[in-house]
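The values are calculated or read from the model by the stated rules, or taken from the named source; none is laboratory data. Remember, it's a predicted structure, so these values are computed and weren't measured experimentally. Glycine also receives a Cβ, built like all others from the backbone with ideal geometry; neighbour counts cover every protein chain displayed.
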Amino acid sequence: MSPPETGSRRRRGAVLSAMSLNLDSEDDFCLEENRFKQYCAEFIKHSQQIGDDWEWKSIKDFPDGYMSKTHFQMKNGNTSLIFKDSTKESDDQILTHVEEALDDSQVAGICATSEVIRYEYHVLYSSSYQVPVLYFRACFLDGRPLTLDEIWEGVHECYRARLLEGPWDTITQQEHPLLGQPFFVLHPCRTNEFMAPVLANSRRENRNINYITSWLSIVGPVVGLNLPLSYAKLVSEQNTKAD
Amino acid sequence: MAEVEKQLLLSPQDSSRGECGEEPPNVGTAVGVAEPAPPSAGSPVTEEPAEDTKKKIDVLLKAVGDTPIMKNKKWAVERTRTIQGLIDFIKKFLKLVASEQLFIYVNQSFAPSPDQEVGTLYECFGSDGKLVLHYCKSQAWG
């Protein structure tokens, strides 16, 4: 990770290290904006190799940018039918296999366009928290945006109970810092906490990891975004080469 | 014991059974292990059937950070067990409260999605006949 930017942070970090037995202060794992962009670039490079549709979006006249991906999903979280974004130049719509367990009534439901949801995910950098933040929005194909209740229904069962219990890490609706439009946000206040052990471990083991890949693999599934395992293999290959 | 064994094998999706605990290869106190294995179980874990017919894979669980270390680290896990199932099992084993989140990582850095099957992870990341998974407790999600 990069060294702290200011003298006061370095002093504070040293004091914390001296005071506690835990040498891995959370401050050591803050993500600098330039590193954020580097990790995003590596991530997108791999995404292009595997056709995962992540892109970097820049804002005209601003140095800021963000990673973006759009995908389609069934309302009940059934992702066995996934359509590629028809607005993209590349391919025709690709229909993946339909689960055999579906009966006729379910198939008819799937064909109804109102059941298909368009999810848009943005990965931005938060200067105040010094971590990446996941913004997302979702709408039906007829343009109707999902309500917060409907978003909650889409949260993976694995996380729903705990998210509802928690007062901090929640899904809230905020204005997108760069686009000025309403988006849902997975609050970043605890990101450092759950990233710290992973980063500390990688430092101890002298392994290179991509912060964005690790972070997104953790937070993404909460809101229906699953990273293909290929991203994890990429890290492994890099470490093998380094050995 | 035999009855429990049969039920465990017939209902692999029932995570409350903790079937990750059956037939741990190198631990003395096993949970729910019966003598005669029903036909569907194939050979006991200690034998080496052909890779593609092996129903269970060996998983080594390693703690990250200040997460409690499991006394039994090696488990034989059904290929179709999901990450979510494994998370539920480890949380029960470590007696974590519901509000504590547990993350599982492959390659010490990547969290597979909850629906990912352990068998697939073994095929991608397994080596020396086992899959190493790191687990980490966090308060992140409240």
Check: When residues of the stretch A:200-213 are filtered for being within 9 Å of chain B (Cβ to nearest Cβ), part of a helix (DSSP H, G or I) and farther than 24 Å from A:W54 by Cα, how many remain?
Finding: 3
Check: Which pairs have Cβ atoms under 6 Å, sit 6 or more apart or on different chains, and link a residue in the stretch A:210-224 that is without any contact (Cβ under 8 Å) to a residue 60 or more places away in the chain to one that is crowded, with 22+ Cβ neighbours inside 10 Å and in a helix (DSSP H, G or I)?
Finding: A:S214/A:V198
Next item on the list: Being within 27 Å of A:R204 (Cβ to Cβ) and within 9 Å of chain A (Cβ to nearest Cβ) is the filter; apply it to the stretch B:82-95 and report the residue that is modelled with the highest pLDDT.
Entry: B:I83
Check: Which members of the stretch B:48-65 meet the condition of being at pLDDT 85 or above and either assigned to a strand (DSSP E or B) or of a type in the set (D, E, K, R) (or both)?
Finding: B:K56, B:I57, B:D58, B:V59, B:L60, B:L61, B:K62, B:A63
Checklist line | Test: residue in the stretch A:178-196 that is modelled with pLDDT under 85, touching a strand residue (DSSP E or B) at 6+ places or on another chain (Cβ under 9 Å) and within 7 Å of chain B (Cβ to nearest Cβ) | finding: yes
Notebook entry, point to check: Looking at the stretch B:121-142, which of its residues are facing another protein chain (nearest Cβ under 7 Å) and more than 20 Å from A:I209 (Cα to Cα)?
Noted result: B:Q139, B:A140, B:W141, B:G142
Checklist line | Check on B:V118, more than 8 Å from every other protein chain (Cβ to nearest Cβ) and free of Cβ contacts under 8 Å to residues at least 24 places away in the same chain | finding: no
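Residue-by-condition table, conditions (1) at positive phi; (2) within 13 Å of chain A (Cβ to nearest Cβ); (3) under 9 Å from the mean Cα position of the chain (by Cα); (4) in a strand (DSSP E or B):
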| residue | (1), (2), (3), (4) |
| --- | --- |
| B:V77 | no, no, yes, yes |
| B:T80 | no, no, no, no |
| B:V97 | no, yes, no, no |
| B:L102 | no, yes, no, yes |
| B:Q108 | yes, yes, no, no |
| B:P114 | no, yes, no, no |
